[in-house]
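Since the structure comes first, as structure tokens, the remarks are kept for the end.
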Amino acid sequence: MVVEIRRVLRDNGWAGDLSQCLALEANSIELWMENNTRVMKRDAHSCVSLLEVSGHLCYLKFYRSKSPLQSLGFQLGYGRGVRSFDAAGRLGAARVVVPEPRCVLLVPGGLVLLTEGLANSADLKSLWSQQLPPNEFRDWLVLAGEALAKLHLAGFFHGDCKWSNFQCCESAVVFVDLEAVGVAAPGSGAQCRDLARFTLNAEDMALSPDDYALFLDAYLAATGWSKDELLAAVLKPLQPLRSRHLAKYGPRGHALV
């Protein structure tokens, strides 16, 4: 058996090439990914891998259906993969750097999203874990602050601004996992929640106050906003995030705001 392509939901000219790859072997998308791609991460509801399609590096993300109702939504063209594809198009049009969206296919058990792959890249959390030379990691913090400011000034919020969604590639920070991206006015509560989510990760990693200031100062320099007013606005969504994190993981790190 081969992986059945039930419907093309979105396409920027890549659905045919991906369909040919999936027709090679295997009777499920997850088995095919296991056998033919480099799986990078997985959880109960998704799997992300790296592969080449027609000689081009790509990310492939499988979104597993959680329920019959969600399966119906997928069939009707709704789902996280479709939202991510559409968000990438809007962000790209606003000159916010994101991986190019390539196609979304409906397959047995869920959806697959194909996007541009980023060679020689790593997310911010992985770079921290690798214990890079301090000055090198600080450069990435500055770039992360500038990238988030650009996204916010363009009138968007990310919706899941954890460090693993800041992909560091060459001399740029690129946003990934765009399922929760939405429109928001600069300085809005949704954008402050982005900053709060980033800050929670920074606190959990025990980032030093001086290094956190590099990120924050880069963000403030790009946006022109008041530091005191911004931190007061960030603290509001940060406090419940801290409480949930403490209940789940116990005491870790230290407060930065």
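Please go through the range 232-257 and pick out each residue that is part of a helix (DSSP H, G or I), among the hydrophobic types (A, V, I, L, M, F, W, C) and under 21 Å from Gly159 (Cβ atoms).
Within the range 232-257, Ala233, Val234, Leu235, Leu238, Leu241 qualify.
Cβ contacts < 9 Å: first residue open to solvent by less than 100 Å² (accessible area, probe 1.4 Å), restricted to the range 239-257; second residue aromatic (Phe, Trp, Tyr), any location; separation 6+ or different chain. Result?
From residues that are open to solvent by less than 100 Å² (accessible area, probe 1.4 Å), the pairs are Leu256/Tyr212; Val257/Tyr212.
Just checking, how many residues over the range 212-238 are farther than 23 Å from Ser188 by Cβ and buried (at least 17 other Cβ atoms within 10 Å of the Cβ)?
Residues flagged as farther than 23 Å from Ser188 by Cβ and buried (at least 17 other Cβ atoms within 10 Å of the Cβ) within the range 212-238 amount to 1.
Is there a residue in the range 191-205 that is under 26 Å from Val104 (Cβ atoms), open to solvent by less than 40 Å² (accessible area, probe 1.4 Å) and touching a strand residue (DSSP E or B) at 6+ places or on another chain (Cβ under 9 Å)?
yes
Of all residues in the range 145-174, which are buried (at least 17 other Cβ atoms within 10 Å of the Cβ), of a type in the set (A, V, I, L, M) and farther than 16 Å from Trp128 by Cα?
Ala147, Leu148, Ala149, Leu151, Val174
Got at least one residue in the range 128-138 being at pLDDT 95 or above, in contact with an Asp or Glu (Cβ under 9 Å, 6 or more places away or on another chain) and part of a loop (DSSP other than H, G, I, E, B)?
Within the range 128-138, not a single residue is at pLDDT 95 or above, in contact with an Asp or Glu (Cβ under 9 Å, 6 or more places away or on another chain) and part of a loop (DSSP other than H, G, I, E, B).
May I ask you to say which residue of Tyr59, Tyr63 is touching a helix residue (DSSP H, G or I) at 6+ places or on another chain (Cβ under 8 Å) and either modelled with pLDDT under 95 or open to solvent by less than 40 Å² (accessible area, probe 1.4 Å) (or both)?
On inspection, the qualifying residue turns out to be Tyr63.
Only one of these is outside any helix (DSSP H, G or I), among the aliphatic types (A, V, I, L, M) and surrounded by 12 or more Cβ atoms within 10 Å (Cβ to Cβ): Met33, Met40. Name it.
Only one candidate qualifies: Met40.
So, in the range 183-215, how many residues would count as being over 22 Å from Val48 (Cβ atoms) and either part of a strand (DSSP E or B) or under 14 Å from the mean Cα position of the chain (by Cα) (or both)?
Within the range 183-215, residues that are over 22 Å from Val48 (Cβ atoms) and either part of a strand (DSSP E or B) or under 14 Å from the mean Cα position of the chain (by Cα) (or both) number 1.
Sort through Leu114, Leu141 and tell me the only one that's modelled with pLDDT of 95 or more, assigned to a helix (DSSP H, G or I), among the hydrophobic types (A, V, I, L, M, F, W, C) and surrounded by 18 or more Cβ atoms within 10 Å (Cβ to Cβ).
The conditions single out Leu141.
Can you pull out the residues in the range 123-140 that are in contact (Cβ under 8 Å) with a residue 40 or more places away in the chain and under 19 Å from Asp160 (Cβ atoms)?
Asp123, Leu124, Lys125, Leu127, Trp128
Mind counting the residues in the range 66-108 that are surrounded by fewer than 16 Cβ atoms within 10 Å (Cβ to Cβ), assigned to a loop (DSSP other than H, G, I, E, B) and either touching a residue at least 12 places away in the same chain (Cβ under 8 Å) or among the hydrophobic types (A, V, I, L, M, F, W, C) (or both)?
Summing the residues that are surrounded by fewer than 16 Cβ atoms within 10 Å (Cβ to Cβ), assigned to a loop (DSSP other than H, G, I, E, B) and either touching a residue at least 12 places away in the same chain (Cβ under 8 Å) or among the hydrophobic types (A, V, I, L, M, F, W, C) (or both) in the range 66-108 gives 8.
The values are calculated or read from the model by the stated rules, or taken from the named source; none is laboratory data. It should be emphasised that the depicted structure is a prediction, and the values quoted were computed from it without experimental measurement. Every residue, glycine as well, gets a Cβ built from its backbone with ideal geometry; the counts of neighbours run over all protein chains shown. Quick note on the areas: whole protein, heavy atoms, side chains included, nothing else; ligands and nucleic acids left out. Shrake-Rupley method; radii C 1.70, N 1.55, O 1.52, S 1.80 Å.
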